[in-house]
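What follows is a short report on a single structure.
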Amino acid sequence: MSFEALGLHATIVKAVTEAGYTVPTPVQAQAVPAAIGGRDLLVSSQTGSGKTAAFMLPALHKLVSAEVAPAPARTPAQEAQSARSRGERVRFTAAKPKMLVLTPTRELALQVTTATEKYGSYMRRIRAVSILGGMPYPKQMQLLSKNPEILVATPGRLIDHMESGKIDFSELQILVLDEADRMLDMGFIDDIEKIVEATPATRQTMLFSATLDGVVGNMARRITRDPLVIQIASASNRHENISQRVHFVDDLSHKNRLLDHLLRDESMDQAVVFTATKRDADTIADRLNIAGFAAAALHGDMHQGARNRTLDSLRRGQVRVLVATDVAARGIDVPTITHVVNYDLPKFPEDYVHRIGRTGRAGRNGLAISLVNHAENMNIKRIERFTKQLIPATVVEGFEPKRSAPPARTGARPGGWKPGDGRSAAKPGQRSFSKPGAPREGGYNREGGHNSAPRGPSSGAPRREGSSGGYRGSNPRSADGARRSFGDN
Ligand code: ADP
Ligand code: MG
């Protein structure tokens, strides 16, 4: 199977070949011909399976085929000019994109735009622009005034522009929802409905999601017509190219020493370390830099410019350790990431899957390590239930936990897992991470005091205060679509 055989235009085949793609991935092999044929698509397949090209290649194909159409689209500026010459009063002419890609995060939007530029590098007159929160307004107005064929946007900012009349979807042909489940999780459902409503019913719709069950599935079926459902369940769906491990740790200092050791591993090319909070991402990145690692933080409080620079440095290999929170790291696609370290476990089991998917990209192998306190055993169990895989507990020589891992890793302790616990104990200017061998004092007690008397209900029931309910089986969503968290949010 080749890209030519999928029926793609020669300029696109040339561009993907240059990008080093020789054969289409399974999702591309199924999606591309159907999308060229005009079908709506509902697709679920694992991260790293090449979904961007699965929608962008057929879309570019359609746009390039339409390029020969006699009347090329005029820019809003030109339209305004001719309206003025007819004596009409014109303030602004809206951009009229042919394709819209909605993504949950800014990083993902930029990544899609970059991929589009790569796939369309031999096509003239096709422009793709990102419309994102955090980008200066005048800059966005300038991009829109060029009347780009393709808009890649996060829903919130796009709504702003629609409401102020800057975008007109009456000529939209293709709508893509990338990582639709995540957009719904982030609360974008009303925005998405509003955007879909503003597009012509004749559009082609392609929706990509980790799952097509529940709320996403309902929305997916509402906004598509006779869709082809593509669900790629493969070995890599279970992340078989990614080795997963749990290392039990006694306390924060043990965890930090083990992290340093893991990051010195010779097989480590680049790593992403996940933390529960933005503040921890900063603190740990600082500490790792002092320890001699080329580390950088990435989180939602950073300005877009800084986030982009950090990601560029990561891609160029100048940053070897990225310390990130979940939202910021979503969709990061850097094939040289060999290690993912869960410094803190994610709040939701599905985030675990997204995190480990940052490694093992494009068919390579990866290693995903979770540094876990004994009290968090229960959360590992939930992740195992969600992924339907056991994550082996491993011991690193010289870093053995004082308490051995409970054999079946059951018996979670009440109130043991609370990310963010005790943070305020850290005094300003005083690093909670001390140099190896130096006396440790005054550091914040991340472990939430589980070594002393257990907090929470003394009944021993593994329920947590503040939690919206237990995580149930393999369906992380309740009937009303609310996300079930296993920590307090
Ligand atoms: P997903 O959206 O499914 O997580 P991406 O579209 O981000 O995956 O692609 C993951 C990686 O695989 C990217 O680095 C991309 O360039 C690469 N890739 C995509 N399609 C192919 C292909 N046919 N051959 C080789 N690499 C590919
Ligand atoms: Mg993707």
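The values are calculated or read from the model by the stated rules, or taken from the named source; none is laboratory data. Keep in mind the model is a prediction, meaning the values are calculated, not measured. For neighbour counting, all protein chains shown are included, and Cβ atoms are generated from backbone atoms with ideal geometry for every residue, glycine included.
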Subset of segment 16-56 (residues that are within 10 Å of ligand 1 (Cβ to nearest atom) and of a type in the set (D, E, K, R)): Lys51
Can you find, within segment 112-160, the residue that is nearest to ligand 2 (Cβ to nearest atom) among those that are acidic (Asp, Glu) and either surrounded by fewer than 20 Cβ atoms within 10 Å (Cβ to Cβ) or on the phi > 0 side of the Ramachandran plot (or both)? Glu117
Of all residues in segment 121-139, count the ones that are in contact with a helix residue (DSSP H, G or I) (Cβ under 8 Å, 6 or more places away or on another chain) and either more than 15 Å from Ser164 (Cβ to Cβ) or at pLDDT below 90 (or both). 11
Mind telling me which of the residues Ala210, Ala201 ends up being among the aliphatic types (A, V, I, L, M), touching a residue at least 60 places away in the same chain (Cβ under 8 Å) and within 23 Å of Leu228 (Cβ to Cβ)? Ala210
Going through segment 1-15 one residue at a time, which ones are under 19 Å from Gly363 (Cα atoms) and surrounded by 22 or more Cβ atoms within 10 Å (Cβ to Cβ)? Phe3
Pairs under 7 Å by beta carbon, first residue within 10 Å of ligand 2 (Cβ to nearest atom) in segment 35-51, partner among the aliphatic types (A, V, I, L, M), six or more apart or different chains? Ser45/Val27; Ser45/Ile232; Gly48/Ala362; Ser49/Val27; Ser49/Ile232; Gly50/Val27; Lys51/Val27; Lys51/Val43
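For Ala375, state whether it is over 23 Å from Met183 (Cα atoms), within 16 Å of ligand 2 (Cβ to nearest atom) and assigned to a helix (DSSP H, G or I). Don't jump to the end; show me each part of the working.
On the way: over 23 Å from Met183 (Cα atoms): yes; within 16 Å of ligand 2 (Cβ to nearest atom): no; assigned to a helix (DSSP H, G or I): yes.
Judged against the criteria, Ala375 is not a match.
Could you list, in sequence order, all residues of segment 297-326 that are among the aliphatic types (A, V, I, L, M) and within 16 Å of ligand 1 (Cβ to nearest atom)? So that I can check it myself, show each step before the final result.
Taking segment 297-326 and keeping what is among the aliphatic types (A, V, I, L, M), we get 297-298, 302, 306, 311, 314, 319, 321-324.
Answer for segment 297-326, where residues must be among the aliphatic types (A, V, I, L, M) and within 16 Å of ligand 1 (Cβ to nearest atom): Leu311, Leu314.
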Residues to consider are Arg309, Arg330; find the one that is in contact (Cβ under 8 Å) with a residue 60 or more places away in the chain and charged (D, E, K, R). Arg330
Looking at segment 327-354, which of its residues are farther than 12 Å from Val273 by Cβ, more than 14 Å from ligand 1 (Cβ to nearest atom) and modelled with pLDDT of 90 or more? Thr338, Leu345, Pro346, Tyr352
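Name the residue that is nearest to Ile242 (Cα to Cα), counting only residues in segment 378-391 that are charged (D, E, K, R) and in a helix (DSSP H, G or I).
Restricting attention to segment 378-391, the residues satisfying the condition of being charged (D, E, K, R) are 381-382, 384-385, 388.
Then keep just the ones that are in a helix (DSSP H, G or I); that gives 381-382, 384-385.
Details: Lys381: 18, Arg382: 19, Glu384: 15, Arg385: 17 Å.
Among those residues, the one meeting the criterion is Glu384.
I need a count of the residues in segment 166-192 that are in contact (Cβ under 8 Å) with a residue 24 or more places away in the chain and away from ligand 1 (no atom under 16 Å from the Cβ). Show your work before the answer.
Kept after step one, since they are in contact (Cβ under 8 Å) with a residue 24 or more places away in the chain, are these residues of segment 166-192: 166-186, 188-189, 191-192.
Among the residues that remain, those that are also away from ligand 1 (no atom under 16 Å from the Cβ) are: 166-175, 184-186, 188-189, 191-192.
Of the residues in that region, 17 qualify.
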Selected residue [of a type in the set (Gly, Ala, Ser) and closer than 26 Å to Ser49 by Cβ] from Gly317, Gly305: Gly317
Lys62 vs (1) assigned to a loop (DSSP other than H, G, I, E, B); (2) at pLDDT 90 or above: all pass except (1)
Residue by residue through segment 4-29, note down the ones that are closer than 12 Å to Ala53 by Cα and in contact (Cβ under 8 Å) with a residue 40 or more places away in the chain. Leu8, Ile12, Ala15, Val16, Ala19, Pro26, Val27
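Does Ile232 satisfy the condition of being at pLDDT 95 or above and within 29 Å of Ala34 (Cβ to Cβ)? Working first, answer last.
Details: at pLDDT 95 or above: no; within 29 Å of Ala34 (Cβ to Cβ): yes.
For Ile232, the condition - at pLDDT 95 or above and within 29 Å of Ala34 (Cβ to Cβ) - is not met.
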If you scan segment 129-188, which residues turn out to be closer than 18 Å to Thr52 by Cα and touching a Gly at 6+ places or on another chain (Cβ under 8 Å)? Thr154, Glu179
